[in-house]
Amino acid sequence: MNPMEPLRFLSPDRAFDVGARLGEIRTFLQERLIGADALVERLLIGLVADGHVLLEGAPGLAKTRAVKLLASASNLTFARIQCTPDLMPADITGTSIWRQDKSVFEFSAGPIFHSLLLVDEINRAPPKVQSALLEAMAERQATIAGATHALPDPFMTVATQNPIEHEGTFPLPEAQLDRFMLHVELALPDAATERLILDLVEREDQGAAVAPPEALQPEEIAGARQAARSVFLSAAIKDYIVRLVTAPRDASIAPELAAKIAHPSSPRGTLALAAGAKARAFLDGRDYVAPQDVTELAVDVLSHRTILGWRALAEGETPRGVIRAYLDAVPPA
Ligand SMILES: Nc1ncnc2c1ncn2[C@@H]1O[C@H](COP(=O)(O)OP(=O)(O)OP(=O)(O)O)[C@@H](O)[C@H]1O
Ligand SMILES: [Mg+2]
């Protein structure tokens, strides 16, 4: 980066330069994560909209790989926490260590002080650790031995959860789930995709992988965030977002769907959907939000904030299915 051009990415008419750089990074990630375009898009939306992402999927679906690639492509410091039931808050936040030679306590920062934090199997962490993570994610600070420390900016958490293991887990409380902007569900690849993965990993093992583009600089991330925030969101689309998020609160709109929901999304869902839709438009090279930005993201933004009633759960309903049905019941215009 030329230090003589510090404002380059902050000027609105150059916003699409940042867009082009993000396009490069997106292509690189898509080439290295086969059949995972939606995952790549969601991770970049999280980065650009300053949101945390919860990934749900079986082991071996390239979750760790995706986050490591994002870290390498965005020049962010990276740390990974593997959660276990005996993890202590100090293991993630850090601790004060007595320095005999200097006769002082010195703060030794934990993994949470990295810009991109991968929290593997977050639902295996005990509640005290989950609560320390919640403070970090929501307030971007960590309190250690009574002293409050600011986290780096950007600070993005990508947490993973394995849907098939329930024993020995601590399900995330709703307030914790609400801190994630997006909840992404990963599916097993089909045979053709699986074959491409095999070819790719073989090429990598032979040292023939494509070279990564120049990593994003902090000012490029800041510029992308500013450009995404200023994407135009029309009154009609704002109304659409609000109608969608508030529909479950009004039993007259789709009575059979509303009956399935015990707790609908809070206004955090509205704000996350608006910010996510703007980021999606920006990544798509548009300076305005289109209805499909909202429609495409609604399930990932709202499903983890929507708590179903016991009867719906007993009938095998899922929040994702119910939100999908709401998308049909509440059309864009
Ligand atoms: N879509 C994909 N594109 C490229 N490589 C893939 C893909 N899916 C799986 N792999 C390969 O599968 C292996 C497992 O990936 P990774 O370790 O990232 O999985 P994970 O989701 O983090 O698993 P776990 O939940 O067990 O930690 C890696 O070698 C990775 O290269
Ligand atoms: Mg992993």
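Would you confirm whether any residue within segment 177-197 is within 16 Å of ligand 2 (Cβ to nearest atom), of a type outside the set (S, T, Y) and touching a Lys or Arg at 6+ places or on another chain (Cβ under 6 Å)? So far as segment 177-197 goes, yes, one or more of its residues are within 16 Å of ligand 2 (Cβ to nearest atom), of a type outside the set (S, T, Y) and touching a Lys or Arg at 6+ places or on another chain (Cβ under 6 Å). When segment 272-311 is examined, which residues are found to be hydrophobic (A, V, I, L, M, F, W, C) and out of contact with any helix residue (DSSP H, G or I) (no Cβ under 9 Å at 6 or more places or on another chain)? Residue satisfying the conditions is W310 alone. Looking across segment 220-236, the residues that are among the aliphatic types (A, V, I, L, M) and over 10 Å from L22 (Cβ atoms) come down to A222, V231, L233, A235, A236.
So which residues in segment 312-333 are of a type outside the set (A, V, I, L, M, F, W, C) and in contact with a helix residue (DSSP H, G or I) (Cβ under 7 Å, 6 or more places away or on another chain)? Those that are of a type outside the set (A, V, I, L, M, F, W, C) and in contact with a helix residue (DSSP H, G or I) (Cβ under 7 Å, 6 or more places away or on another chain): P319, R320, R324, Y326, P332. Taking segment 59-79 as the range and being among the small types (G, A, S) and out of contact with any Leu (no Cβ under 7 Å at 6 or more places or on another chain) as the test, the residues that pass are G60, S72. Going residue by residue through segment 38-49, is there one that turns out to be surrounded by fewer than 16 Cβ atoms within 10 Å (Cβ to Cβ) and within 16 Å of ligand 1 (Cβ to nearest atom)? Yes. The condition (being of a type outside the set (K, R) and in contact with a Lys or Arg (Cβ under 9 Å, 6 or more places away or on another chain)) is satisfied by just one residue among L308, L257, L271: L308. In segment 231-267, which residues are more than 15 Å from A329 (Cα to Cα) and of a type in the set (K, R)? Passing the criteria: only K238. Restricted to segment 234-245, and to residues there that are open to solvent by 20 Å² or more (accessible area, probe 1.4 Å) and touching a residue at least 24 places away in the same chain (Cβ under 8 Å), the residue that is farthest from the chain's Cα centre (by Cα) is A236. The set of residues in segment 54-67 being surrounded by fewer than 16 Cβ atoms within 10 Å (Cβ to Cβ) and either more than 15 Å from ligand 1 (Cβ to nearest atom) or touching a residue at least 24 places away in the same chain (Cβ under 8 Å) (or both) consists of A58, P59, R65. When L200, L196 are checked against the criterion of being open to solvent by less than 20 Å² (accessible area, probe 1.4 Å), out of contact with any Cys (no Cβ under 7 Å at 6 or more places or on another chain) and in a helix (DSSP H, G or I), a single residue qualifies: L200. Would you mind finding the one in P248, P255, P264 that is without any contact (Cβ under 8 Å) to a residue 12 or more places away in the chain and farther than 17 Å from D50 by Cα? Testing whether each residue is without any contact (Cβ under 8 Å) to a residue 12 or more places away in the chain and farther than 17 Å from D50 by Cα leaves just P255. Filtering Y326, Y288 for residues that are surrounded by 19 or more Cβ atoms within 10 Å (Cβ to Cβ) and touching a residue at least 12 places away in the same chain (Cβ under 8 Å) leaves a single hit, Y326.
Per-residue answers, yes or no, for (1) farther than 23 Å from A175 by Cα; (2) open to solvent by less than 50 Å² (accessible area, probe 1.4 Å):
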| residue | (1), (2) |
| --- | --- |
| D91 | no, no |
| K102 | yes, no |
| A109 | yes, no |
| F113 | no, yes |
| L118 | no, yes |
| P126 | no, yes |
| S131 | no, no |
| L134 | no, yes |
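Within segment 125-172, being hydrophobic (A, V, I, L, M, F, W, C), over 16 Å from the mean Cα position of the chain (by Cα) and assigned to a strand (DSSP E or B) holds for A142, I144, A147, A150. Those helices (runs of 4 or more DSSP H) of segment 279-333 in which at least 2 residues are small (G, A, S) and either under 30 Å from V18 (Cα atoms) or over 19 Å from the mean Cα position of the chain (by Cα) (or both), considering only elements entirely within it, cover 310-314, 319-329.
Residues that are modelled with pLDDT of 90 or more, among the β-branched types (V, I, T) and under 17 Å from L216 (Cβ atoms) were ranked within segment 7-35; the one that is surrounded by the most Cβ atoms within 10 Å (Cβ to Cβ) is I25.
The values are calculated or read from the model by the stated rules, or taken from the named source; none is laboratory data. Every value quoted in this text rests on a predicted model; they were computed, and no experiment measured them. Because the Cβ atoms are built from the backbone with ideal geometry, glycine has one as well, and the counts that use them run over all protein chains shown. To get the accessible areas, we keep the full protein, side chains included, count just its heavy atoms, and leave off ligands, DNA and RNA. Shrake-Rupley method; radii C 1.70, N 1.55, O 1.52, S 1.80 Å.
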